[in-house]
Amino acid sequence: MSRSLRIAMWSGPRNISTAMMRAWENRGDCAVSDEPLYAAFLAATGIDHPGREQVIAAGETRPHRVVAELLGPVPGGKPLWYQKHMAHHLLPKMARDWIPKLTNFLLIRDPTEVVASYLKSRVTVTPEDIGLEQQVMVFDEIAAATGTPPLVIDAGDFLRAPEAYLRMLCARLHVEFTDRMLHWPAGRRASDGVWARYWYSAVEASTGFEPWRPREIRLEGQAARVAEACLPHYRRLHVQRMMV
C-alpha cells in the first residue's frame, strides 16, 4: 500500500456525503471513489434499488477485489484519496480487517431527516437501509483495532459552519486546508457512480454546501417507527461528534 493518505468516510444514505466528495475532489490533489462496495452489496442482497442492474454491471461484485483496489495504487498517483462509503454496504460476511488500515471518519445525520429524504427516492425504508447501526459497528471496530475512535461529524453541525468544520477536519487529518473545498462547478462528474441520475439531482445543481435550515418533518406509520428505531444509534455517535 502506498504512503498516500486514504480517507475513508462512512456515511448513511441521504446525507451530505456526495457534497463532501465534491469538496475533496475539487482540491485538485485528491482522487475520489464513489461507494465502491455498492455493486457487491446489491449483488449479495438482491435488494431492489433504482438502477440496480446498471450498478451491478458497472461495478465490482466481489468484495475482496474491491478491498484490493482500495488498498492498491492510488488513482492518478495523487497524495490523497477520498473514499466515500455507505456503512450499510458492509454486510456481515464481508471482511473488515482492512478498514483500520485507512484513515476513517463517520458522517452522521438525524434519522428523522434521513428517512424523510430517503422516501423521496424509494417507497419503503427499514432501519438497515439507514445505516446508523452499521455506523456504530464501524465506530466500535475501528476504536478496538486502533485504540483511537474515529472522528465523527454531524451533518447538521457541519452545514452551520462548513469552513470551520473543514478546517478542523483537515487539521485532524494532517492535511492542508484549501478554500477550493468550499465551492465547486455545478454538474455531474466522471467520478460519480452510475446511480447519480437517481440520487444526485440536488448535488449536481449545487456549487457549494447547502446552508443549514430548520425542517418541519412529520413522519407517520412505518417511517416514524424506522426513525425511532435508529435514534439510539444516532445518539450514541452524536455524543462523540467533533464540535467547533
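The values are calculated or read from the model by the stated rules, or taken from the named source; none is laboratory data. Note that the structure is a prediction, hence the values are computed from the model and not measured. Glycine gets a Cβ as well: all are built from the backbone with ideal geometry, and neighbour counts include every protein chain shown.
Kindly check whether there is at least one residue in the range 205-221 that is surrounded by 16 or more Cβ atoms within 10 Å (Cβ to Cβ), at pLDDT below 95, of a type in the set (A, V, I, L, M, F, W, C) and not in a helix (DSSP H, G or I).
yes
When Val125 is tested against (1) closer than 16 Å to His233 by Cα; (2) at pLDDT below 95; (3) in contact with a Leu (Cβ under 7 Å, 6 or more places away or on another chain), just one condition goes unmet, and that condition is (1). Given the condition in contact with a Gly (Cβ under 7 Å, 6 or more places away or on another chain), of a type in the set (Asp, Glu), outside any loop (DSSP other than H, G, I, E, B) and touching a residue at least 24 places away in the same chain (Cβ under 8 Å), answer yes or no: does some residue in the range 17-25 qualify? Looking for residues that are in contact with a Gly (Cβ under 7 Å, 6 or more places away or on another chain), of a type in the set (Asp, Glu), outside any loop (DSSP other than H, G, I, E, B) and touching a residue at least 24 places away in the same chain (Cβ under 8 Å), one finds none in the range 17-25, hence no. The residues of the range 165-186 that are over 14 Å from Phe209 (Cα atoms) and of a type outside the set (A, V, I, L, M), listed by number, are Arg167, Cys170, Arg172, His174, Glu176, Phe177, Thr178. Cβ-Cβ distances below 7 Å connect the following pairs, each with a first residue in the range 56-74 that is under 16 Å from Thr103 (Cα atoms), a second residue that is of a type in the set (Lys, Arg) and surrounded by fewer than 18 Cβ atoms within 10 Å (Cβ to Cβ), and a separation of six or more residues or different chains: Leu71/Lys101. Given the criteria touching a strand residue (DSSP E or B) at 6+ places or on another chain (Cβ under 8 Å) and loosely packed, with under 15 Cβ neighbours inside 10 Å, does Gly72 qualify? Considered against the rule, which asks whether it is touching a strand residue (DSSP E or B) at 6+ places or on another chain (Cβ under 8 Å) and loosely packed, with under 15 Cβ neighbours inside 10 Å, Gly72 comes out as no.
To keep it simple, each residue is scored yes or no on (1) touching a Pro at 6+ places or on another chain (Cβ under 9 Å); (2) surrounded by fewer than 14 Cβ atoms within 10 Å (Cβ to Cβ); (3) free of Cβ contacts under 8 Å to residues at least 60 places away in the same chain; (4) of a type in the set (Lys, Arg).
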{"residue": "Asp179", "(1), (2), (3), (4)": "no, yes, yes, no"}
{"residue": "Asp192", "(1), (2), (3), (4)": "no, no, no, no"}
{"residue": "Arg197", "(1), (2), (3), (4)": "yes, no, no, yes"}
{"residue": "Tyr200", "(1), (2), (3), (4)": "no, no, no, no"}
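Looking only at residues of the range 114-170 that are more than 20 Å from Arg96 (Cα to Cα) and among the polar types (S, T, N, Q), we find that the one that is surrounded by the fewest Cβ atoms within 10 Å (Cβ to Cβ) is Thr124.
Enumerate the pairs (first residue in the range 134-150 and in contact (Cβ under 8 Å) with a residue 12 or more places away in the chain and acidic (Asp, Glu); second residue anywhere and surrounded by fewer than 18 Cβ atoms within 10 Å (Cβ to Cβ) and part of a helix (DSSP H, G or I)) with beta-carbon separation below 7 Å, excluding pairs fewer than 6 apart on the same chain, so at least 6 apart or on different chains. Listed by first residue and then by second, the contacts come to nothing, as the list is empty. Of all residues in the range 231-244, those that are outside any helix (DSSP H, G or I) have Cβ atoms under 6 Å from Cβ atoms of residues that are surrounded by fewer than 16 Cβ atoms within 10 Å (Cβ to Cβ), 6 or more apart or on another chain, in Val244/Ala161; Val244/Ala164. Looking for something among the hydroxyl-bearing types (Ser, Thr, Tyr), surrounded by fewer than 23 Cβ atoms within 10 Å (Cβ to Cβ) and assigned to a loop (DSSP other than H, G, I, E, B) - is there at least one such residue anywhere in the range 4-13? Taking every residue of the range 4-13 in turn, at least one turns out to be among the hydroxyl-bearing types (Ser, Thr, Tyr), surrounded by fewer than 23 Cβ atoms within 10 Å (Cβ to Cβ) and assigned to a loop (DSSP other than H, G, I, E, B).
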